[in-house]
Amino acid sequence: MKRNVLTAIWFTLVTTVLLGALYPLLMTGLSQLFFPKQANGQLIEKNGKIVGSAIIGQSFARPGYFHSRPSNAGTGYDASSSSGSNLAPTNKQLIERVKNEVQKAQIENPGNPVPVDLVTASGSGLDPDISPAAAEFQLARVASERHVSLDDVRGLVRKHTKERQLGVLGEPRVNVLELNLDLDSFHPLR
């Protein structure tokens, strides 16, 4: 009996050290060695200052910027409160919110159908990307606010459009933060 208890304690200590300390340290070290950008959160710097992450969405409300998807994470894009709304498609609260978002989008960009990703939140509420259709929907507003041609802004959107991974995984997407930072560099707001 005593031997079984000592074996159990020894096994607990060994597995705790191996799986609770050594393995995480090894994985962290390998991640830093082979994938340093990803291991550090894919942070984006501008003029030596961290302005965001390529994998966490941000809110852009000014008309001269491309707008992100709505967020249900905390008070909006709160990484410590990542989650969707968990509202069913027939939920009255969700339907009303989407209707309001559609009306707001149609006021800003009249005459075009509103892409679904501009009025619905992602599952995590932190999606940094919009669809190319959502970027195209916002082109006229952004170009007008920045006093540049549609073709100039469309070129930046194309530059920031990422295709499907390995040609089949996911959907084409545009990273909103990276696109807006490029807009600020090439066509600053006046």
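The values are calculated or read from the model by the stated rules, or taken from the named source; none is laboratory data. Please read all numbers here as calculations on a predicted model, not as lab measurements. Counting neighbours? That spans all protein chains shown, and the Cβs are built from the backbone with ideal geometry, glycine included.
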Long-range neighbours under 8 Å by Cβ, at least six apart or interchain, first residue surrounded by 15 or more Cβ atoms within 10 Å (Cβ to Cβ) within segment 141-152, second of a type in the set (Ser, Thr, Tyr): VAL142/TYR65; ALA143/SER149
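Quick test for you: out of LYS46, LYS2, pick the one residue that is surrounded by 10 or more Cβ atoms within 10 Å (Cβ to Cβ) and modelled with pLDDT under 90. Talk me through it step by step, then tell me what you get.
Values: LYS2 fails: surrounded by 10 or more Cβ atoms within 10 Å (Cβ to Cβ).
Only one candidate passes the filter, namely LYS46.
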Boolean, ASP182 is surrounded by 13 or more Cβ atoms within 10 Å (Cβ to Cβ) and of a type in the set (D, E, K, R): yes
Unmet requirement for ALA133, which otherwise passes all of (1) assigned to a helix (DSSP H, G or I); (2) in contact (Cβ under 8 Å) with a residue 12 or more places away in the chain; (3) within 24 Å of ASP78 (Cα to Cα): (3)
Out of LEU189, LEU177, LEU139, sole residue that is part of a loop (DSSP other than H, G, I, E, B), out of contact with any Cys (no Cβ under 8 Å at 6 or more places or on another chain) and not charged (D, E, K, R): LEU189
